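Nothing in this text is a laboratory measurement; each read-out follows from the coordinates by a stated rule. Because the structure is a prediction, the values reported are computed rather than measured. Cβ sites come from the backbone with ideal geometry, for glycine too, and all protein chains shown count toward neighbours.
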Amino acid sequence: MEGHTGVDHGRLVIEVRGAEPSPHLPPADSGWAAASPNTINLHPSSEWTITAAVRLEAWPAEPARGGPPDSDTSTIDASFEHPEIGARGFSAPGSETDFLHLGNPGHYQVRVHRWGGDQVDTIFNANPHDTIHRTENFLLQFWPSPADHQEVGSTVETATIPRDDVHAAIRNWAREL
C-alpha cells in the first residue's frame with residue numbers, strides 16, 4: 001500500500017483501522033520510530049517536512065535486509081488488535097491512506113526506513129515558501145514476530161495518560177519540542 005499523508009507537530013502515525021488516539025505516548029527520547037499499542041509514531045528527519053510518502057508492506061517472514069540508499073533504518077516491535085493499518089498526520093482525524101491488511105492481529109516486527117530529509121532541507125533553504133516538494137519518504141515492512149515474543153512495551157517505557165487529558169498532553173509535548 002502506498003499513499004501520502006500530512007506531517008504535523010513533527011510526526012505521522014501508523015495505526016489500526018478505527019483507532020481512537022492512543023492514551024499511550026512513547027517517551028520523547030524513544031527515537032524517530034516508536035511503537036505503542038495499536039500505533040507506530042514516526043518523526044521525519046527534517047523539521048521542514050510537510051508531507052510523507054508512505055509505503056506499507058506485509059511479509060510472511062522477515063524480508064531481506066537492505067533498503068533505499070542513504071535511508072535511516074530502525075527495527076521495532078509492534079502489536080495490533082486489528083489487522084488493518086493506515087497512515088495519518090498526527091492530528092488528522094483518521095487515516096489519510098488506504099489500509100494495509102496484515103493478515104492477523106498480533107505482534108509484528110517492523111523494519112522502518114526513512115529518507116529524503118536532506119532534500120527537504122535543501123528545498124526549504126532555497127525557497128521557504130515551496131511547500132509542494134517538501135516530502136520525506138517512509139517504507140515500513142511488517143512480518144509476524146516469533147511465537148515466543150514478549151509483550152510490546154516490555155522494553156520500551158510508555159506514559160499512560162487519562163483519556164480526558166490526551167489532547168492537553170499532546171499540546172504540552174509539542175511545546176517541549
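So the values come out like this:
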item	result
In order through region 87-95: 3J(HN,Hα) via Karplus (6.51 cos²θ - 1.76 cosθ + 1.60), integer Hz, x for Gly, Pro	10, 8, x, 3, 9, 5, x, x, 4
By average C-beta atoms within 10 angstrom, highest first, the peptides 103-114, 128-139	103-114, 128-139
Region 1-140: antiparallel DSSP beta bridges as a percent of all, rounded to 5	85
HN-Hα J in Hz across region 56-66 - Karplus 6.51, -1.76, 1.60, θ = phi - 60°, x for Gly and Pro	10, 10, 9, 10, x, 8, 4, x, 4, 5, x
Difference of contour (0.36 nm per residue) and Cα-Cα distance, Asp121 to Asp98	5.5 nm
